[in-house]
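Please treat every number below as a calculation from the coordinates, not as lab data. Worth saying up front: this structure is predicted, and the values here are computed from it rather than measured. Neighbour counts are summed over all protein chains in view; Cβ atoms, including those assigned to glycine, are modelled from backbone coordinates with ideal geometry.
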Amino acid sequence: MGYSWKDGIILKLANIVVYFVFLGSNIRSISFYDSVGGKLTYITPAPWSFLIWSLIHFLLLGPIVYQFTENGHRTIIEGISWRFPFVAVLNALYVHAWTRGYLITAFILSLFVSSVISHIYYIVKKHHEPSNTWDELCVHLPFSLWHGWATALVVLSAFTAFGVDASEYRAGVWTCVFVILALIFLGCTATAYAFSSPEGDLPASVVITWYLWAVFVQQWNVPILRWMVLAIAVHASLWVGSCVVAVVAKIRRGRQAILLDEEREPFAEEDA
């Protein structure tokens, strides 16, 4: 039998429910960063950086609709399977713990969220390469953004749970060391995304770079940290630029291939 939109209908309905019930509840809590009782760390980004959640949530509507197509069913239902509802529930728990001030619990949950998102990211990138533009927009783009953002949130959650409050304590030597190491880790992660394929993973690299620039805007009390994050953000931005160039080159190659195919068609008809 051929494909029917009713195939895997229970999972499809579950995806719809968790999207609107669990992920929808996150937007108000995270988009306008709740500082959890005023705690500000030395790696906290500017509040506007959390608006990325609104973009991710909007783009995740793509898989909800695309799962009813044959290509979408193959990737979302057969590939990602129940991991999407699972990570949606985990993410809702993470947001709840974060906004309630259970910081260590929130950090632990952020690790679980990042782990599941990493598994989804691996499945999508390794076993379901995009066959058309809709695959890129409805599957690869939202999960690439979410994967990059989940990585940044793990770092932020760790410092929020275990770091000092920047509004009450000056940054000591060890605080500066750990912040610099975390920034270097994020910068290296953005670079790793750029090298993940011939064209790089532009969305994931962009979201890490977005976070770094937001940290630069927010952190002005400690000059060494401010200029360090500036250097790392500039470095990450250069790799984002290389990804953009590679993506544009890929699009041009695709268009040239289409034109060549169109030119060959009359000759093929004449030979026939």
Margin query: Could you tell me the calculated FRET efficiency between Val248 and Val217, based on Cβ-Cβ distance and R0 = 30 angstrom, to the nearest 0.05?
Written below: 0.60
Check: If a helix is a whole DSSP H run, which ones in the chain reach 20 Å or further along their own axis (Cα) and hold a mean Kyte-Doolittle hydropathy of at least -0.5?
Finding: 83-100, 103-127, 141-162, 173-194, 202-218, 223-271
Notebook entry, point to check: Taking N as the number of residues in the stretch 40-136, what is its alpha-carbon radius of gyration divided by 2.2 N^0.38 Å?
Noted result: 1.24
Note to self: Let me check against my output: what whole-number percent is the relative contact order of the stretch 9-271, with C-alpha pairs under 8 Å and at least 6 apart?
What the structure shows: 22
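Using per-residue counts of other Cβ atoms within 10 Å, averaged over each peptide, order 129-136, 238-245 from highest down. Mind showing how you got there, number by number?
Values: 129-136: 13.6, 238-245: 16.8.
Packing proxy ranking, top to bottom: 238-245, 129-136.
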Item checked: Largest-first principal axis extents of the Cα set of the chain (Å) -> 80, 42, 24
Margin query: Given Cα positions, please report Rg to Rh for the stretch 163-245, the hydrodynamic radius being the Kirkwood one.
Written below: 1.05
Margin query: Can you give me the Rg/Rh ratio for the stretch 113-187, using Cα atoms for both radii and the Kirkwood formula for Rh?
Written below: 1.17
Margin query: Let's test this: bin the Cα-Cα distances of the stretch 75-127 at 10 Å from zero up to the farthest pair and state each bin's percent.
Written below: 27, 45, 22, 6
